[in-house]
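Nothing in this text is a laboratory measurement; each read-out follows from the coordinates by a stated rule. Note that the coordinates shown come from a computational prediction; the quantities given were computed from them, not determined experimentally. With ideal geometry, Cβ positions are generated from the backbone for all residues, glycine too; neighbour counts draw on all protein chains shown.
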Amino acid sequence: MALQNDRMITEVADLVSVLPAADREVFERLFHISTTVGYLNPPEDMHGWIEKHFGSLEAVRSQRIVKITNLVTLEGALFNEIRARRPIETKERVKLTREFRERGEPFCKPLKGTPEDVFGRVRGKHSVTASNIAKYDGFHGLVIFDEHNPLAFSAEEVSDYIDTALAWAHQAHEVDQEALYFFFMWNCLWKSGASILHGHAQMSLSRDIH
């Protein structure tokens, strides 16, 4: 079968739907595909930054995410074309003590520097939520810590981060009753894939478990 070079991975469900019945049956025995759309509301302060990095406001306000799971190995992958456009600042041999003292990242002023979810934000005792600018699920948010230094936290603060993420999940579920599966991830500093130094965690709420 000839492949069209201009096809995108986010169109994989459409490509599978036009396969011959026998080929489609084999594919569906091996793989599960789910698609969802994520929405967010960026503050006006972010509009110029979004247009610079993502091309337009519409590109981030509504995002199509495709999840593919191998039903044999249970390995999976998530695809959202705009995640490749995220500005990721990677530094080598930096003095972290100096970096922790510096401010100015968007997470330092989250109400102006980050988008909110369609249901708004959740405020914790030591944190506040935001919608992820480049999502890997329909509901994909952030818990942004009040503390800038990502390595400085107390047991009380950790408890608050988790409570705030769970409160966010409950609000997301109110918007979409089919979104049931909660995932919490705390990735810290660049080697773990964090694109911003300021302390934060991530969470998502999925419609399916695959």
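Please give the length that would be gained between Glu105 and Ser17 if that part of the chain were fully extended, namely 0.36 nm times their separation in residues minus their C-alpha to C-alpha distance (nm, one decimal). Could the numbers behind the result be given before it?
Values: separation 88, 0.36 × 88 = 31.68 nm, distance 4.35 nm.
Fully extending the segment from Glu105 to Ser17 adds 27.3 nm.
As I understand it, the value is the acute angle between the Cα axis of helix 155-175 and the longest principal axis of the Cα atoms of the chain; what does it come to in degrees, rounded to 10? With rounding to tens, the tilt is 40 degrees.
This ranking places Trp168, Trp186 by how few other beta-carbon atoms lie within 10 Å of each, fewest first, which gives Trp186, Trp168.
Normalising the average separation of contacting C-alpha pairs (under 8 angstrom, six or more residues apart) by the number of residues puts the relative contact order of the chain at 19 percent.
Let me know the charge dipole size of region 89-206 about its Cα centre in debye, to the nearest 20, where only the beta-carbon of Lys, Arg (+1) and Asp, Glu (-1) is charged. The partial results should precede the final answer.
Working: 13 positive and 17 negative charges, 128 e Å.
Magnitude of the dipole: close to 620 debye.
Quick one: among Lys67, Lys112, Lys52, which has the greatest mean-square fluctuation in a GNM of the chain with alpha-carbon springs under 10 angstrom? Of the options given, Lys52 has the highest mean-square fluctuation.
Which order results if Met46, Met185 are arranged by neighbouring Cβ count within 10 Å, fewest first? All intermediate terms of the calculation are to be shown ahead of the outcome.
Numbers: Met46 18, Met185 11.
Going from least to most buried by this count: Met185, Met46.
Go through region 55-65 residue by residue and turn each phi into a ³J(HN,Hα) via Karplus (6.51, -1.76, 1.60, θ = phi - 60°); whole Hz please, and just put x for glycine and proline. These are the phi-based 3J(HN,Hα) values: x, 6, 5, 4, 4, 9, 5, 9, 10, 8, 10 Hz.
For region 89-206, which semi-axes, largest first and in whole Å, follow from the square roots of 5 times the eigenvalues of its Cα gyration tensor? Taking √(5λ) for each Cα gyration eigenvalue gives 25, 14, 13 Å. Only helices enter this figure: runs of n ≥ 4 DSSP H residues, each worth -39500 (n - 2.57), summed and divided by the residues of the chain, yield -8000 deg cm²/dmol at 222 nm to the nearest 500. If r is the Cβ-Cβ distance from Leu151 to Leu180 and R0 is 25 Å, what FRET efficiency results, to the nearest 0.05? In this case the efficiency is close to 0.15. Dividing the C-alpha radius of gyration of the chain by 2.2 N^0.38 Å, with N its residue count, gives 1.12. Ranked for footprinting exposure by Cβ neighbours inside 10 Å, fewest first, Val37, Val158 give Val37, Val158.
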